[in-house]
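Throughout, read-outs are computed from the coordinates displayed, never taken from laboratory work. These figures come from a predicted structure and were not determined experimentally. Every residue, glycine as well, gets a Cβ built from its backbone with ideal geometry; the counts of neighbours run over all protein chains shown.
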Amino acid sequence: MSEPAICCADITLGYGPHPAVHHLDGDIDRGSLTAILGPNGAGKSTLLKAIAGELKPIAGHFDFGTPKPRIAYLPQIAEIDRSFPLTVFELLSLGLWRKTGLFGGLSHDDRHAVEQALHAVGLVGFENRTLDTLSGGQMSRVLFARVMLQDADIVLLDEPFAAIDTRTVADLMGLIAHWHAEGRTILAVLHDEALARAHFPTTLLLARETIAWGPTEDVLTETNLRAARRMVEAHDPHAPVCEVA
Amino acid sequence: MLYALLIAPFTEFDFMRRALVGASVLALSAAPIGVFLMLRRMSLVGDAMAHAILPGAALGYLVAGLSLGAMTLGGLIAGFAVALLAGLIARITRLREDASLAAFYLMSLALGVTLISARGSNIDLLHVLFGSVLALDDQALILIGGVATVTLVTLAIIIRPLVMESIDPVFLRSVSRAGAPAHLAFLALAVLNLVGGFQALGTLLAVGLMMLPAIAARFWARTLTGMIAVATLIGIVATYAGLLLSYHLGLASGPTIILVAGVLYLLSIIAGTQGGLLLALLPRKHLEA
């Protein structure tokens, strides 16, 4: 086995003194396809944000190896201001940022790449639509197209299938499988156990603590799921200081 | 007849030509700033900034009298200080930018009013507040031209990070570190335009030429490019019509320009092609697919 894509060395994450992810320790294999499941408030999105570099760990560190891999992050749709009068084409061409940078113009190939990405997500003809005219499912497709254009080694998907119909899920799942086949490392926050069982070889069950992490069928057992559900969401104001080094 | 009404005032009087050029160039420069402020839900920031500039301009006035250079420099320093501090506090603490800006501009404004009332008279204050578009000298025109040049060039440089930071800041941070510098540069541009405008229209009305055309443009254009184009056009039309009206009716020119912009805004709400009220009242046709 080659060295892992991401090494999580005893990671603790949070926004204050209370941890959102507590002492996560383990490797994410290169080219693996991992579902992250857990109840609300389990720290799933926080973990993705930290891997994306949005959030500094309170303790522990990530090791990405060298050279540093390119990371594409697909945010929850709610985090995007869709009232901004930008067209689909404009948003997608910004996905080529690493190529174009601050000033670079779009080459013929770049335009073609954008068209290809739109084709791949089934949105041909949407180039000049503004973001506020898109449905939730269409917006998800646009974000998937942007991930495609980013051509990243590691793909982080934060609830890519929230409030999306089954056909769109099937289409986008096909894209994920394609990326997986291309050898990219993929992590997706999900809420659908059946989906994880059907398509994701590896699962991380998170409930602030790591409940289980490994092959999906071993992780998604009734015992583990019950343990995850028992997580207390409220902060315990009397929680003692964690002394684990 | 039409010539006498629409063109003669500008061919006959030098000060009218200067006013037209100065305010139009200002509209060209301030309109895109206004569009971005509106889209970033910072429509009131221009207003706050204008207040923040006052103490600097007042200090300049106290030191050097009615000198364009001194008042401009003072205004720039005060404006940049407030914008930078507010932006910085918002980024390093949990305070939102609007809140930290409100705190700083109020302090700045209080300081400005104190300074002016301690030394100057009310007439001076009126001059600072309401400007003198009909008294633009060469210096002022050069200042406005310079501001417009810097603004348009800088905007061209920062437009990608600026747009991306408005829509999806997390994505921007993942590909570039240009977000924060672009945002601060943008705030600086807003200050620059307000300072450029306060000579022509006064601190308070400079905001009008920045925001009213931008807000009106939302009712006409669908895309960012379109909005900027429409906003610029509305700003220039308001300038021209406002100057004419003020000339023929003997009204104060700066406020008249802004009032015309205001009327254009009201018309846009009613007749705009993008969500205007009339459109909503008309029987709506729909396509088959």
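In nm, to one decimal, how far is the B:Val113 label point from the A:Arg229 one, both placed 7 Å along Cα→Cβ?
6.1 nm
Looking at region A:4-229, what % of its DSSP beta bridges pair antiparallel, to the nearest 5? Could the numbers behind the result be given before it?
Values: 17 of 34 bridges.
Here the share of antiparallel DSSP bridges comes out near 50 percent.
I'd like the Karplus ³J(HN,Hα) series for region A:7-24: coefficients 6.51, -1.76, 1.60, θ = phi - 60°, whole numbers in Hz, and an x wherever there's a Gly or Pro.
Result, ordered by residue: 9, 8, 9, 6, 7, 10, 10, x, 10, x, x, 7, x, 9, 10, 10, 6, 7 Hz.
Name the helices (complete DSSP H segments) of chain B with a Cα length along the long axis of 30 Å or more and a Kyte-Doolittle mean of at least 1.0, or state none.
Working: long enough: B:14-39 (37 Å, 1.46); B:68-92 (35 Å, 1.95); B:97-119 (33 Å, 1.09); B:138-167 (41 Å, 1.66); B:179-200 (32 Å, 1.40); B:224-249 (36 Å, 1.69).
Passing helices, by number: B:14-39, B:68-92, B:97-119, B:138-167, B:179-200, B:224-249.
Taking a ≥ b ≥ c as the square roots of the eigenvalues of the Cα gyration tensor of the protein assembly as shown, is the shape rounded (a/c under 1.5), prolate (a/b larger than b/c) or oblate?
Numbers: a/c = 2.76, a/b = 1.87, b/c = 1.48.
Prolate, because a/c is 1.5 or more and a/b exceeds b/c.
Taking the Cα centre of each part, how many Å lie between region A:110-185 and region B:36-53?
36 Å
How would you classify chain A from its alpha-carbon gyration tensor, with a ≥ b ≥ c the square roots of the eigenvalues: rounded for a/c under 1.5, else prolate if a/b is greater than b/c, otherwise oblate?
Working: a/c = 1.77, a/b = 1.67, b/c = 1.06.
Prolate shape, in that a/c is at least 1.5 and a/b is the bigger ratio.
If the label point is 7 Å along Cα→Cβ of A:Arg167, which residues in region A:124-141 have backbone nitrogen under 13 Å from it?
What the label zone holds, given the 13 Å backbone N cut-off, is A:137-138.
List every residue whose amide H lies under 5 Å from the amide H of A:His23, counting only residues 5 or more places away in sequence or on a different chain, with H placed 1.01 Å from N in the peptide plane.
Residues meeting the amide H criterion: A:Thr12, A:Leu13.
For chain A, what relative contact order do you get, as a whole percent, if you take Cα pairs closer than 8 Å and at least 6 residues apart? It would help to have the intermediate numbers written out before the result.
Numbers: 414 pairs, mean separation 67.1, N = 245.
Across chain A, relative contact order equals 27 percent.
For the pair B:Thr149 and B:Ala81, how long in nm is the line joining their label points, each one 7 Å along Cα→Cβ?
2.9 nm
Please work out the Cα convex hull volume for region A:31-168 and give it in Å³ per residue. All intermediate terms of the calculation are to be shown ahead of the outcome.
Values: hull volume 20.7 nm³, N = 138.
It comes to 150 Å³ per residue, whole-number rounded.
Please find the FRET efficiency linking A:Thr221 to A:Glu115, where r is the Cβ-Cβ separation and R0 is fixed at 60 Å, and quote it to the nearest 0.05. Mind dumping the intermediate values first?
Working: r = 45 Å, r/R0 = 0.75.
With R0 = 60 Å, the Cβ-Cβ based efficiency is 0.85.
Between A:Glu127 and A:Asp151, take the C-beta separation as r, use R0 = 25 Å, and let me know the FRET efficiency to the nearest 0.05. Mind dumping the intermediate values first?
Working: r = 20 Å, r/R0 = 0.80.
The value I calculate is 0.80.
Nearest 5 percent is fine: what portion of the DSSP beta bridges confined to the protein assembly as shown is antiparallel?
On the way: 17 of 34 bridges.
Looking only at bridges with both residues in the protein assembly as shown, the antiparallel portion is about 50 percent.
Any idea what angle helix A:166-181 forms with the longest principal axis of chain A, computed on alpha-carbon atoms, 0 to 90 degrees, nearest 10?
80 degrees
Determine the percent antiparallel among the DSSP beta bridges restricted to region A:137-245, to the nearest 5. The partial results should precede the final answer.
Values: 6 of 11 bridges.
Around 55 percent of the beta bridges assigned by DSSP in region A:137-245 are antiparallel ones.
For chain A, what does the helix formula give at 222 nm: sum of -39500 (n - 2.57) over DSSP H segments with n ≥ 4, over the residue count, nearest 500 deg cm²/dmol?
It comes out at -9500 deg cm²/dmol, rounded to the nearest 500.
Determine the shape class of region B:2-276: with a ≥ b ≥ c the square roots of the Cα gyration tensor eigenvalues, call it rounded for a/c under 1.5, and otherwise prolate if a/b is greater than b/c, oblate otherwise. Display every interim value, and only then the final one.
Values: a/c = 1.91, a/b = 1.16, b/c = 1.65.
In terms of gyration-tensor shape, oblate.
Summing +1 for each Lys or Arg and -1 for each Asp or Glu, what net charge is found among the other residues whose Cβ lies under 12 Å from the Cβ of A:Asp10?
-2
Say each of B:Ala180 and A:Glu193 gets a label point 7 Å from the Cα, pointing the same way as Cα to Cβ; how far apart are those two points in nm?
Label-label distance for B:Ala180 and A:Glu193, simple model: 4.4 nm.
Taking 8 Å as the Cα distance limit and 6 or more residues as the minimum spacing, I'd like the relative contact order of chain B as a percentage.
Numbers: 449 pairs, mean separation 73.5, N = 289.
About 25 percent, as a whole number.
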